[in-house]
Each structure stands twice: as structure tokens, then as C-alpha cells.
Amino acid sequence: MQKYPVSPKVVKSLSLSTLQSVLQEVFGNGSTEEPFAHASFGALKDLKVGFEGKSMLVETVMDPTVPSEVQQETIRRYNSFLERATGYTAKERAKKLQQAAKKGGAEA
């Protein structure tokens, strides 16, 4: 399961219902099963999303047999979902994850 930081402006409104609505807007479907929201689209057999404190937890199950056009559209929508749900662009998320990794490495 991947852990993504959520921006302070978004964390205030973070809930399963908001995650489900973002999933529906981006992927066209979404459901909730406490404590996670689920969706599927294209190469994503299952996208499971939840939250823990100020972080969003994401687990994906992929289908590598889909055509490359479907893979590209899936990646585009997945990145759009992450940006809307976390409040950070892909570049900002990468920077935050690198900072978190450095902090974790310094403590070890």
C-alpha cells in the first residue's frame, strides 16, 4: 500500500464520501466499503483508497494485458485522481515522498 501526503487545504475535507465522489468524477465509478473507497477503470482492476491521519493510502491491482492506449488513459486518470484527492501535483507529490524518505532514512 502506497502512502501519499495530503495538502493541508484538502485534509480538512478528507472523508470516504469525498474520496468516492472524486473516484466517480475521474473513473466513472466508485463505491465505499469501510474503511476504503474502491474504483476500477481500464488497466486498474481495483483501486482501493483510504486515509490515515494526514495521509492517503492507495492500493492498486493492475491488469497488464490491456492495450497500451488503455494503459496510457488509465495512468492519465490515475494521476488526475491523485492530484485532486491529495491537492498536490505529481511533481509536488514526488518531492514530498522524497523528503519523507530522507527523514525516515535519517532516523534509522
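Each reported figure results from applying straightforward, stated rules to the coordinates on display, with no laboratory input. Everything numeric here is computed off the predicted structure, so don't read it as measured data. Glycine gets a Cβ as well: all are built from the backbone with ideal geometry, and neighbour counts include every protein chain shown.
Its relative contact order, with pairs defined as Cα atoms under 8 Å and 6+ residues apart, puts the chain at 29 percent.
Note on region 2-107: Kirkwood radius taken over Cα pairs, Stokes-Einstein applied at 4 °C and 1.567 mPa s, translational D equal to 91 µm² s⁻¹.
Please list, by residue number, everything in region 64-108 whose backbone N is under 15 Å from a paramagnetic label point 7 Å out along Cα→Cβ of residue 25. So the set is 77-89. The slack in the chain from residue 70 to residue 45, taken as 0.36 nm per residue of separation less the alpha-carbon distance, amounts to 7.8 nm. Remind me, relative contact order of region 45-87 in percent, using alpha carbon pairs under 8 angstrom and six or more residues apart? Here the relative contact order equals 29 percent. In nm, give the distance between the simple-model label positions of residue 2 and residue 97, each being 7 Å from the Cα along the Cα-to-Cβ direction. According to this spin-label approximation, the distance is 0.5 nm.
Rounded to the nearest 20 debye, the dipole size of region 2-107 about its Cα centre is 640 debye, using +1 on the Cβ of Lys and Arg and -1 on the Cβ of Asp and Glu. One decimal place: the segment residue 13-residue 63 gains 14.8 nm when fully extended, by the rule 0.36 nm per residue minus the C-alpha distance. The phi torsions of region 66-83, fed into the Karplus equation with coefficients 6.51, -1.76 and 1.60 and a -60° offset, translate into couplings of 6, x, 4, 5, 5, 4, 5, 5, 4, 4, 4, 5, 4, 5, 4, 4, 4, 5 Hz, rounded to whole numbers, with Gly and Pro shown as x. Peptide packing for 59-72, 34-47, 5-18 was compared via the average number of neighbouring C-beta atoms within 10 Å per residue; ordered from the highest value, the list is 34-47, 5-18, 59-72.
By the rule of a C-alpha distance below 18 Å, with chain neighbours fewer than 8 residues away ignored, the lysines paired with residue 102 are 3, 91.
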